[in-house]
Amino acid sequence: MSAEPVNQPLRVTLADDHPPTRAGVRRALEQGNWIVLAEAPDGETAFNDAMEHRPDVVLLDIHMPGGGGVQAAEKISNALPETSVVMLTVSRNDGDLFAALRAGASGYLLKDIDPSRLPMALEGVLRGEAALPRNLVARLMEEFRGRGRRRMTLPNRQAVGLTGREWEVLEAMGEGLKTAEIAERLHVSAVTVRTHVSAILRKLHVQDRASAVKLLAER
């Protein structure tokens, strides 16, 4: 059974650095049940618009100036948990998809979506539905299955369980990346990286990053 349609006008802000794209998205939304409160050409303006208007949904492109959509999504999700963030992009890149979802996005839509379906897709997000193209759902399931808890055996043969994200941080450390570089690669804050590093050191029973990297090399 289909969900009840949303009757009251819904509010959205949108961000894309391509004005014709913004105009087309605005038309599609206004033909649905949406009021476009603001348009932004970059991530920083998108965040400021969201803070000012507190919309039901913020619609973001992935690759924009001013930090881009992923960083804007993380800032908006942290500051306005009642606002849903949805990405609208041409990128089918797995890394962009996972980074957006980790940043707090509730949906990831491709720009080749039928414009008439866009308002309904956003309404679905507000009902708690996942807005993801079918081909990307399969990739997400593969990521979920493959990036669960992996085990690392220490020299004393003690097995230690690291989360998928902790493995990513540890492997980046093994490549010699610094905190800021890891944060940029994983599209998270430096504080988040340091939190993961602390968890890794605790689980591996070592005092510093060099020791953790040495264990990684020896496993």
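The values are calculated or read from the model by the stated rules, or taken from the named source; none is laboratory data. All values reported here derive from a predicted model rather than from experimental measurement. FYI the Cβ positions are ideal-geometry reconstructions off the backbone, even for glycines, and counts take in every protein chain you see.
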Report task. Restrict the check to the range 46-62 and report whether at least one residue is part of a loop (DSSP other than H, G, I, E, B) and at pLDDT below 95. Result -> yes
Report task. Starting from residues that are assigned to a helix (DSSP H, G or I) and charged (D, E, K, R), keep the ones in the range 67-123 and report whichever is surrounded by the most Cβ atoms within 10 Å (Cβ to Cβ). Result -> 74
Report task. Search the range 37-63 for residues that are on the phi > 0 side of the Ramachandran plot and pair each with any residue that is assigned to a loop (DSSP other than H, G, I, E, B) when their beta-carbon atoms are under 9 Å apart and the residues are at least 6 apart or on different chains. Result -> 54/80; 54/82; 54/83
Query raised in the report: Name the pairs whose Cβ atoms lie under 9 Å apart, with the first residue in the range 102-121 and outside the structural domain of residue 136 (by TED's automatic domain parsing) and at positive phi, the second buried (at least 16 other Cβ atoms within 10 Å of the Cβ) and among the aromatic types (Phe, Trp, Tyr), and 6 or more positions between them or separate chains?
Result: none
Query - Hits in the range 169-184 (condition: under 21 Å from residue 78 (Cβ atoms) and buried (at least 16 other Cβ atoms within 10 Å of the Cβ)) - result: 169, 179, 182, 183
Query raised in the report: Among the residues of the range 118-140 satisfying the criterion of being touching a helix residue (DSSP H, G or I) at 6+ places or on another chain (Cβ under 9 Å) and under 17 Å from residue 28 (Cα atoms), which is modelled with the lowest pLDDT?
Result: 131
Query raised in the report: When residues of the range 190-208 are filtered for being crowded, with 16+ Cβ neighbours inside 10 Å and outside any helix (DSSP H, G or I), how many remain?
Result: 1
Query raised in the report: Regarding residue 58, is this residue aliphatic (A, V, I, L, M), in contact with a Ser or Thr (Cβ under 9 Å, 6 or more places away or on another chain) and closer than 25 Å to residue 137 by Cα?
Result: yes
